[in-house]
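What follows is calculated from the coordinates using simple rules that are stated; it is not laboratory data. These numbers come from a predicted model, not from an experiment. Neighbour counts run over all protein chains shown; Cβ positions are idealised from the backbone, glycine included.
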Amino acid sequence: MRSLLVGFTLAVMCITAPITTAQKVELTIDASKTGAKIDRNIFGQFAEHLGHGIYDGIWVGSDSKIPNTRGIRNDVVGALKAIKVPNVRWPGGCFADEYHWRKGIGPQRSVTLNPNWGGVTEPNTFGTDEFMDFIDQIGAEAYISVNVGSGTPREAAEWLEYMTAAAPTTLAKERAANGHPAPYKVASVGIGNESWDCGGNMTPDYYVSQMKIYSHFVRNFNPAQQDKQKMLKIAGGPGGDGPRWTDWTETVMKAYQQHTWSWDINGLSMHNYTVPHWPPSYASVGFGETEYGQILKSTLEMEGLISKHSAIMDKYDPDKKVALIVDEWGGWYASLPGSNPGFLVQQNSLRDAIIAALNLNIFARHAERVRGANIAQMINVLQAMIITDKEKMVLTPTYYVFKMYVPFQNATFVPVNFDAGWYTHGAVALPRVDAIAGKDANGKLWLEITNLDPNEPVQIEAGLAGIAAKAASGETLTAPKVDSVNTFDAPNTVRPRPISAEVQGGKLTLKLEPKSVTVVSIEQ
Ligand code: AHR
C-alpha cells in the first residue's frame, strides 16, 4: 500500500507537470519473509442455472453427439481439470433462492421456470447428483447455496441429509437408489444469496435471525466431515461499500461475536462486480483505451471494499476466524447484441485477463482474511473461463490467467515491495504495474507481474533476497489489442507464451510487454 501511496503522489504531480513515462520498475522480494497462505479457494468458480452456464456449458445429456461422460461434456471437464478448480458454487446466485432441490433428483424431473434469468423453462435435468458427478469429474469441492428466500430450514436440512447422511435414513436410501450410496462431501454451504435483494429483500436483523436458524439446522452428516474437513457455513454478506452494506457486515459480525454453541458461521460472503454503471453498459468487445482504463480503475475498487469490510470484521473477530468469501466477482458488461439479455452473454478479452490478475492479486494480499472467492461465472455467463456453442468450445483470456496462477494455489504469500509508477490516460491514472509473489509447497518462489500500461513495455529489475536464485522461466499473456479475444475460429489470439528472464547476482531482469500478465518461477 505504501508503494501505491508513493505512486499516487507522483500521479498528482503528473497532472500539473507531465513527466516522461518511467519504463523501469524495481521490485524487491525477500523470500525469507513469508505471510499467510494464499488459500486455493480464492480460485473458485461459480456455476448458476443461468443462460447457457449449465445447459450446453456443462450438461448436454448422455444421448448427445457431443462427447460426454454421463451427460457432462468431456471437453469442458478436461479444460477445467487443467486449472485445478478448487470449488464450484452452485446452483446460484439469485436462482438459489428459488431452487427446490427435490425437483432435480430421481428419474422423474419437474420442469419449472427460471424467472430471474430470461423466464425460460428449467428442465431440472442437471440436479444434485449431476452436480456432484461434475465436480467429482473435475476434482473440485462443492459449495452449495441453500434456499433461504423462498425455501424453509427444513427443506435445506433435508437437502443436506440427502447429500451427506451415511446412516440408512430414507433420504440416504433415496440417494443410493439414485446411484450414489456413499455420502457426498459438501465443503461449504452458503446461507442464502444476496438476501438483501433477490434473495428476499431482508433487513440485516431479519437476515441474522434466519441465518441462526439455518446455521443450526442445516447439518452435515458425512462421517468424514465431523472432526476434519468440517463444512464451512457462509453467511450472506455485503454487496457494496455504502452505509447499507457496512451496516449489514456490522450486524452479522456483531451477532457472530455473541454466538452460542447452537450456531456458528465460518465465512461472510461479499459480492462485487466490475460494473461502473448500472445497468451494465460497457461493451465487452470493440472498445478502446478509454474504456480499458475506466474498467481497470473500477476493478481496483475491490481493494478498498475488502479493506473496509475486513476492518469491520476485525472489530468483532480479531482472530480472523470468519473468512471473507468474495463469492461473486468479475467484469459485467452489456449483453452481446442479439443475445437474450437475461442470459448475461459477453465476450472475454485481454482486458478481462488483466482484471482477473488484479483481483486475484488483491485477494492474495488479503490472504489472512480472504480465504475464498468465486469468479462469475464459469461457462458462457459474464466473465467466463470457457465459451461453448454446441460442439465448439473456446478458452478465454481469463481461463489462461487462472491456469498461469495454479502455482499460487496454497502458496505462502511473500511480500513484494515496489513503486508501481503510473500509467495515465485522460482522467484515469492507474498504477503501471502490479505484482505478487508466493512460495509453493516445494519452496519454489513464484512471481506474478501485471503491466497495466497498454502502450509501454516495462523493464523489471527485481532484487531477490533470502534465496540463492540461479535462473528464471515463465509465461506471459498478451495480445495485439486491449479488446483482443479468442474465438472458435481464432482460439489462440490471447494465449500464454514463454518469456525469457535473466538472473544474475541476485537480480532478476525481464521485459514485460504492454498490457500483459506474466508469471515466472525462480530456480535455485
Ligand atoms: O451472477 C449473476 C447474478 O448476480 C447472481 O445471480 C446474483 O447473485 C448477482 O446479483
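From the square roots a ≥ b ≥ c of the eigenvalues of the alpha-carbon gyration tensor of the range 141-202, which class results: rounded (a/c under 1.5), prolate (a/b over b/c), or oblate?
prolate
Using the Cα centre as the reference, give the magnitude of the dipole from point charges on the C-beta atoms of the range 214-263 (Lys, Arg: +1; Asp, Glu: -1; all else neutral), rounded to the nearest 20 debye.
Approximately 240 debye in magnitude.
Contour minus end-to-end for Thr246 and Gln459, with contour as 0.36 nm per residue of separation and end-to-end as the Cα-Cα distance?
Here the segment from Thr246 to Gln459 would lengthen by 72.6 nm.
Between Lys65 and Gln229, how high is the FRET efficiency from 1/(1 + (r/R0)^6) when r is the Cβ-Cβ distance and R₀ = 25 Å? Nearest 0.05.
That pair, Lys65 with Gln229, gives E of 0.05.
Could you pull out every residue, at least 5 positions away or on a different chain, whose amide H is within less than 5 Å of the one on Gly190? Hs are placed 1.01 Å off N in the peptide plane, and Pro or chain starts have none.
Long-range HN contacts for Gly190: Ile144, Ser145, Val146, Ile234.
Rounded to the nearest 20 Debye, what is the dipole magnitude of the range 75-154 about its Cα centre when Lys and Arg each give +1 and Asp and Glu each give -1 at the C-beta?
Rounded to the nearest 20 debye, it is 140 debye.
Could you go through the range 327-333 in sequence order and give the Karplus-derived ³J(HN,Hα) for each residue, using 6.51 cos²θ - 1.76 cosθ + 1.60 with θ = phi - 60°, rounded to whole Hz, and x for Gly and Pro?
So the J values, rounded to whole Hz, are 8, 8, 7, x, x, 10, 10.
Among Ala165, Gly106, Thr251, which residue has its Cα furthest toward the positive end of the charge dipole of the chain, with +1 on Lys/Arg Cβ and -1 on Asp/Glu Cβ?
Highest projection toward the positive end goes to Ala165.
With θ set to phi - 60°, apply the Karplus curve 6.51 cos²θ - 1.76 cosθ + 1.60 along the range 114-128 and write out the HN-Hα couplings as whole Hz, x wherever there is a Gly or Pro.
Calculated HN-Hα couplings, in order: 10, x, 5, 10, x, x, 7, 7, 10, x, 6, 6, 9, x, 4 Hz.
Listing Thr478, Thr170 from the residue with the fewest other Cβ atoms within 10 Å to the one with the most, what is the order? Mind showing how you got there, number by number?
Values: Thr478 24, Thr170 10.
Neighbour counts put them in this order, fewest first: Thr170, Thr478.
Report the Cα centroid-to-centroid distance between the range 305-371 and the range 167-228 in angstrom, as an integer.
With the range 305-371 and the range 167-228 each reduced to a Cα centre, they are spaced 24 Å.
Considering only DSSP beta bridges where both residues belong to the chain, give the percentage that are antiparallel (nearest 5).
Working: 56 of 95 bridges.
Around 60 percent of the beta bridges assigned by DSSP in the chain are antiparallel ones.
Let's see if you can work this out: charge +1 on each Lys and Arg Cβ, -1 on each Asp and Glu Cβ, no other charges. What is the dipole magnitude of the chain about its Cα centre, in debye to the nearest 20?
920 debye
Compute the distance in nm between two label points, each set 7 Å from the Cα along the Cα-to-Cβ direction, one at Asn417 and one at Lys470.
The answer from the label model is 2.9 nm.
Would you calculate the separation in nanometres between label points at Ser262 and Val428, each defined as 7 Å from the Cα along the Cα-to-beta-carbon direction?
Result for the modelled spin labels: 5.2 nm.
Any idea how far the Cα center of the range 476-524 sits from the one of the range 408-444, in Å?
Each part's Cα centre sits 15 Å from the other's.
Give me a comma-separated list of calculated 3J(HN,Hα) values for the range 350-367, in order, Karplus coefficients 6.51, -1.76, 1.60 applied at θ = phi - 60°, integers in Hz, x for any Gly or Pro.
Each residue's phi maps through the Karplus curve to give 4, 4, 5, 4, 5, 4, 4, 4, 5, 5, 4, 5, 4, 4, 5, 5, 9, 4 Hz.
Taking a cut-off of 23 Å between Cα atoms, list the lysines near Lys103, but don't count ones fewer than 8 places away on the same chain.
Answer for Lys103, where 23 Å is the Cα cut-off: Lys173, Lys185, listed by chain and number.
Hey, what did the range 334-437 get for relative contact order, percent, Cα under 8 Å, at least 6 apart? Please report the intermediate quantities before stating the final value.
Details: 117 pairs, mean separation 23.5, N = 104.
Normalised by residue count, the contact order of the range 334-437 is 23 percent.
For a quick check of your reading of the filter: which trypsin sites (Lys or Arg not before Pro) in the range 263-330 sit in a DSSP loop and have no more than 15 other Cβ atoms within 10 Å? Could you put the intermediate results ahead of the total?
Numbers: sites: Lys297, Lys308, Lys315, Lys320, Lys321; in loops: Lys320, Lys321.
Those that pass, being in a loop and sparsely packed, are Lys320, Lys321.
Taking only C-alpha pairs under 8 Å that are 6+ residues apart, what is the relative contact order of the chain in percent?
19 percent
Just want the ordering: Tyr143, Tyr292, from fewest to most Cβ atoms lying within 10 Å of their own Cβ.
The order, fewest Cβ neighbours first, is Tyr292, Tyr143.
What is the ratio of the Cα radius of gyration of the chain to 2.2 N^0.38 Å, where N is its residue count, to two decimals?
That ratio works out to 0.96.
For a quick check: sort Arg244, Arg73, Arg219 by the number of other beta carbons within 10 angstrom, fewest at the front.
Details: Arg244 12, Arg73 26, Arg219 15.
Fewest to most other Cβ atoms nearby, the residues stand as Arg244, Arg219, Arg73.
What FRET efficiency comes out for the pair Thr34/Asn492, r = Cβ-Cβ distance, R0 = 45 Å, nearest 0.05?
0.80
Give the lysines whose C-alpha is closer than 19 Å to that of Lys439, dropping any in the same chain fewer than 8 places away, or say none.
Qualifying lysines at Cα under 19 Å: Lys33, Lys37, Lys84, Lys403, Lys470, Lys507.
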